[in-house]
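These notes are about the structure you will find just below.
Coordinate-derived values only; no laboratory data. None of these values were measured; they are calculated from a predicted model. Cβ sites come from the backbone with ideal geometry, for glycine too, and all protein chains shown count toward neighbours.
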Amino acid sequence: MSDVSEPILEVRDLSLAFGGLKVLTDVSYTVPKGSVTAIIGPNGAGKTSMFNCISGFYRPKSGAIRFQGTDIGHLHPPQRAELGLARTFQNIALFRGMTVLDNIKLGRHAHMKTSLFDALAYFGRARREETELRAEVEEKIIDFLEIDHIRNKPVASLAYGLRKRVELARALAMKPKILMLDEPVAGMNREETEDMARFILDVKEEWGVTILMVEHDMGLVMDLSDHVVVLNFGQVIAAGKPAEVTSNEDVIRAYLGSGDVEVLRRTVQGEVAA
Amino acid sequence: MIDFDWLFFLEVSLAGLGSGALLALTGLSFVLIYKATRAVNLAIGEMLMIGAYAFFSFSAGLGLPWWAAVPAALACGGLLGAVIERAVIRPMLGESAISVLMVTIGLGSVLIGAVELLWGADPAQLPDFMGTSPVFLGPAYVSRKIVIGFAVAATVITLFILAFRFWRGGVALRATATDQGAAYSCGIDVPVVFSMAWVFAGVAAAGAGILVGAVGGISPAMGIFGLSALVVVIVGGLDSVVGALIGGVLVGLIEAWTGTYLGGEFKTLITFGLLIAVLMVRPYGLFGTVEIERL
Amino acid sequence: MRIATAKESYAADEALFDTPTQRVWLALFVAVCALFPFTANEYWLYMACLVAIHVISVTGLNIVTGFTGLVSLGQAAFMGVGAYTVAVAETRFGTPVLLNLIAAGAITAAVGAVVGIPSLRVKGLYLAIATIASSFILHFVFANWNSVTHGVSGISLPPASILGVEFGRPFALYFLIVPIAFLAVFSASNLFRTRIGRAFIAIRDRDISAEVLGIPLLRYKLMSFALSSFYAGVAGGLWAYFFRVVTPESFPFVYSIFFLAAVIVGGMGSILGSILGAVFMTMVPEVLKLGVGVMSPFLSDAVALLSPVRTIVFGGLIIGFLIFEPHGLAEIWRRIRRFFHLWPFKT
């Protein structure tokens, strides 16, 4: 479905190194608009570093990142966020000192205009913006993600699965054009994983947001994604539709080393209990 | 323009070198604590002060000879370090670095109050135990106390560095500094390393305190010396022993020169100006480890 | 048991005081504050003014330290900048009082922003050290910029006067200082209902994630520093009108530690905590004085003990609260409130 549409994000020959350690080498791929694209690969393959480059937290050594047709390589992270690059984090970066509601509201920061003086007086623009934001967060995000029962709780008191959901809520408040999810279901039980999968699909279909995710849960990747990119040792070793990628022998070798390829393939495809 | 008095400059520089050695010793004590426990100890100057006052009590108060009073004061410094670690630093384990820093600010305040309470607020002189006859290095005159201070500080620093390199405890300390979790799982008793670091730092600080007190007298405000030591470790890098040495000598020289040629009141201006400049240009100091941030 | 607090609109739920009970208490508090000067004696008015000045300064420090997570040990020096600004404006130019106070805030905010510039490069820990350095540098300026500050002898001011009304005695000053303190506290409370306040807290909790989520770190750190310094500047300006003599020794480094202690004791990251901390820390020395008064018949030099004991108590409070009650008096207050809200049911 999405193969024909123009790319929303293009990564060209991206290389990143920390000192002598090459983290990414000439990584190129595109994310079609409106798709769910998954980046998979063994631990240490550079998936999260890839995300950090796109967010602007790491400065790549060379290469280009184009978002909606323009190069964003020179932009600071906050500017990229304002353009609509929203993300969640692998080890959950919620703000412990704030309630769930405030965490979600924070996501909208870059799109608001309240100045320091408005804020101190809480009058005019500040009052209007905050009230509008509250209504929108409640009606569009909190109801959608079914987290209304925890809205006033401090995030520190939440269970792991709920925290992941609040992080997704905060990313949605960022008015994303592309949503980058770093291991959205890692550490979740079956039920929580199914909920998250449902939310991801709804975000794609109802909100029309492109999704780029890093995930180890192959079942989820196979079910949700239109497009899969496989990284190993900082290089793209395969890309394409999920079925194509899982039958690629390089991929299987990267994941599981050598061995009986047929058994391994079935393991990857979830036919054999892991 | 009048002729520049090179001999005088040399004498000032030597004096600066002398106080630089004391700064380096204090800085070493600071680095020791930072390396082992990641605590920025803003009470270092006050720990130094307690050492000086302890010496004062043993020598002037109890009339002990200096060779008995010095070890006694050092022991007090070590004890103080152990008590501080156990009572206020260990409960803060796992708290943010900022909280620990604020605890040490409170600690400094408590120690100043304790000194005023026990010994009074007036400045005092340590009994003279080093002699006063001047020392001539070539043509340059240097105060005897400064020479002795330099020699002692240099010896102690050398001992510390050797211990750091070769002694089992020193190795354990370096391992803990690199990775607490890994050190713990290798069988290193991390809490003991913590205590040990504070004890040794307390001893070093007390030693520095005796020397500083011998040169400049003692008062409840002498903890301000700790602020100069803070400049030293920022310049050298919070976790670098070598940095503390070089930073100490550097700051000692700069303080001596500004104090002499610009006037004493400029000392704080110049040293703290230096601190801010270093923070702007090289935030991790000349030899400090650059921390890599992770998301 | 607190019941019937349902709201009908999001705006009502976003209000600062969102229940009728709270509003009644607030009205009562304002009334008590307004009537207080007519019943209290000179000593209590003096204390009230001092508390109000400290409330402003502590609220400011809490914004940068408690909410934004940047420890500042320069708050007293910043107050000094404000006090000198007012003293110079009053004695040289004779400009109106309120203008002087705003100028004190603005100039101090500018100085604060400059002091915050190292946050461009360094993290919280190092920044704390940079503020210590700045505080000593400012002290040097106060003592040595003779043409403006008159060096160690300092500057004496005439009483503040607005529209012919003279604010000399604590009774009159009360009506100048306390309303400004109210305004300062309400503005700060408002701030933390908006995106700016959220950005500050986000920087405290996880600064690098905050950046990726759209918050320009440097701008907000400097903004926090500047705002905090504005509060300090206004507090310092009021301080100058209150004590009417400003010298370099008026704002020693220990005064900065006093403010930090007030923030910690009151509760970091809590506006209520700023008020509680300022009141508590200002009253501690008075209580100690009382204690000394009681002791003096039995102890010959009890008065001489006052200063060291105060220093120990300040330090001890910092340590004790950080270890045992890191959220300060505000948390204790919350616990008491919760007890009454849930009464007669057990928590």
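Which of the pairs A:Lys153/A:Lys204; A:Lys22/A:Lys164; A:Lys33/A:Lys204; A:Lys204/A:Lys241; A:Lys175/C:Lys123; A:Lys204/C:Lys7 have their Cα atoms more than 22 Å apart in this structure? Don't jump to the answer; show the numbers that get you there.
Details: A:Lys153/A:Lys204 28 Å; A:Lys22/A:Lys164 30 Å; A:Lys33/A:Lys204 10 Å; A:Lys204/A:Lys241 17 Å; A:Lys175/C:Lys123 30 Å; A:Lys204/C:Lys7 33 Å.
Checking Cα-Cα distances, A:Lys153/A:Lys204; A:Lys22/A:Lys164; A:Lys175/C:Lys123; A:Lys204/C:Lys7 exceed 22 Å.
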Within 10 Å of each Cβ in A:129-138, the average number of Cβ atoms from other chains | 3
Cut-off under 5 Å, modelled amide H: who pairs with C:Val245 long-range | C:Leu157
About its Cα centre, region B:18-223 carries a charge dipole, from +1 on Lys and Arg Cβ atoms and -1 on Asp and Glu Cβ atoms, whose size in debye to the nearest 20 is 480
Using a 10 Å cut-off on Cβ to Cβ distances, tally the other chain neighbours for every residue of C:297-304 and report the average as a whole number.
-> 1
3J(HN,Hα) from dihedral phi, region A:56-68, Karplus parametrisation 6.51/-1.76/1.60, rounded to Hz, x for glycine, proline = x, 6, 9, 9, x, 6, 7, x, 10, 10, 10, 10, 6
Non-local residues with an amide H under 5 Å from the amide H of C:Ala40, with H modelled 1.01 Å from N and Pro and chain starts lacking one, are none
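Where in chain A lies the longest segment free of GluC sites (Glu not before Pro) that are both loop residues by DSSP (not H, G, I, E, B) and have at most 16 other Cβ atoms within 10 Å? Don't skip to the end; give the middle numbers.
Details: sites that count: A:Glu146, A:Glu271.
The answer is A:1-145.
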At a Cα cut-off below 15 Å, give the aspartates and glutamates reachable from B:Lys267, other chains included and same-chain residues fewer than 8 away excluded.
-> B:Glu255
Whichever aspartates and glutamates have a C-alpha closer than 13 Å to that of B:Lys35, once near sequence neighbours (fewer than 8 apart) are set aside = B:Asp179, B:Asp239
Reachable aspartates and glutamates from A:Lys177, Cα under 15 Å, same-chain residues fewer than 8 places away excluded?
-> A:Glu6, A:Glu10, A:Glu82, A:Asp202, A:Glu205, A:Glu206
Once both labels are modelled 7 Å past Cα along the beta-carbon direction, what's the A:Ala121-C:Thr39 spacing in nm?
-> 3.6
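Please identify the chymotrypsin sites (Phe, Trp or Tyr not before Pro) of region A:1-81 that satisfy two criteria: DSSP loop assignment and at most 11 other Cβ atoms within 10 Å. Which are they?
Working: sites: A:Phe18, A:Tyr29, A:Phe51, A:Phe57, A:Tyr58, A:Phe67; in loops: A:Phe57, A:Tyr58.
For chymotrypsin sites (Phe, Trp or Tyr not before Pro) across region A:1-81 that sit outside H, G, I, E and B with at most 11 neighbouring Cβ atoms in 10 Å, the list is empty.
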For region B:196-210, in residue order, the Karplus 3J(HN,Hα) values (coefficients 6.51, -1.76, 1.60; θ = phi - 60°; whole Hz; Gly and Pro = x) are 4, 4, 5, 5, 5, 4, x, 5, 4, 5, 4, x, 4, x, 4
Taking the Cβ of each residue in C:Ser300, A:Ser15, C:Ser229 as the centre, tally the other Cβ atoms inside 10 Å and list the residues starting with the fewest.
-> C:Ser300, A:Ser15, C:Ser229
Looking only at other chains, what is the average number of their beta-carbon atoms within 10 angstrom of each beta-carbon in A:95-101?
-> 5
Over chain C, the sum of -39500 (n - 2.57) across DSSP H runs of at least four, divided by residue number and rounded to 500 deg cm²/dmol, gives at 222 nm -23500 deg cm²/dmol
Extending each Cα 7 Å along its Cβ direction at C:Ser9 and B:Asp5, get the distance between those two points in nm, one decimal.
-> 8.1
Have a look at C:Ser250, C:Ala109, C:Ile177 and report the one farthest towards the positive end of the charge dipole of region C:17-252, computed about the Cα centre with Cβ charges (Lys/Arg +1, Asp/Glu -1).
-> C:Ala109
Given A:151-158, B:26-33, A:85-92, the highest-first ranking by average Cβ count within 10 Å works out to B:26-33, A:85-92, A:151-158
Suppose every K and R has +1 on its Cβ and every D and E has -1 on its Cβ; what is the size of the dipole of the protein assembly as shown about the Cα centre, in Debye to the nearest 20?
-> 840
Alpha carbon centre of region C:72-115 versus region B:81-109: separation in Å?
-> 34
Estimated vicinal HN-Hα couplings, Hz - region C:92-103 in sequence order (Karplus 6.51, -1.76, 1.60; Gly, Pro = x) | 8, 10, x, 6, x, 4, 5, 4, 4, 5, 5, 4
For labels at C:Leu26 and B:Leu118 in the simple 7 Å Cα→Cβ model, what's the distance in nm?
-> 5.1
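Among rounded, prolate and oblate, which fits the protein assembly as shown when a ≥ b ≥ c are the square roots of the eigenvalues of its C-alpha gyration tensor, a/c under 1.5 means rounded, and a/b larger than b/c means prolate? Intermediate results must be reported in sequence, preceding the final value.
Values: a/c = 2.03, a/b = 1.33, b/c = 1.53.
Since a/c reaches 1.5 but b/c is at least a/b, the shape of the protein assembly as shown is classed as oblate.
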List the longest stretch of chain C that has no exposed loop site; here a site is one of the chymotrypsin sites (Phe, Trp or Tyr not before Pro) assigned by DSSP to anything other than H, G, I, E or B, with at most 10 other Cβ within 10 Å.
-> C:1-297
Local charge sum around A:Arg12 (other residues, Cβ-Cβ under 14 Å, Lys/Arg +1, Asp/Glu -1)?
-> -2
Could you line up C:Arg23, A:Arg163, C:Arg204 from fewest to most neighbouring Cβ atoms inside 10 Å?
-> C:Arg23, A:Arg163, C:Arg204
Mind listing the long-range amide H neighbours of A:Ala238? Cut-off is under 5 Å, sequence gap 5 or more, other chains count too, H placed in the peptide plane at 1.01 Å from N.
-> A:Val230
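Can you tell me the dipole magnitude for chain C around its Cα centre, using point charges on the Cβ only (Lys, Arg +1; Asp, Glu -1), in Debye to the nearest 20? Present the calculation step by step, with values, prior to reporting the outcome.
Working: 22 positive and 15 negative charges, 140 e Å.
Approximately 680 debye in magnitude.
Computed FRET efficiency, Cβ-Cβ of B:Ala60 and B:Val83, R0 25 Å: what is it to the nearest 0.05? Walk me through the numbers on the way to the answer.
Numbers: r = 24 Å, r/R0 = 0.96.
Once rounded, the FRET efficiency stands at 0.55.
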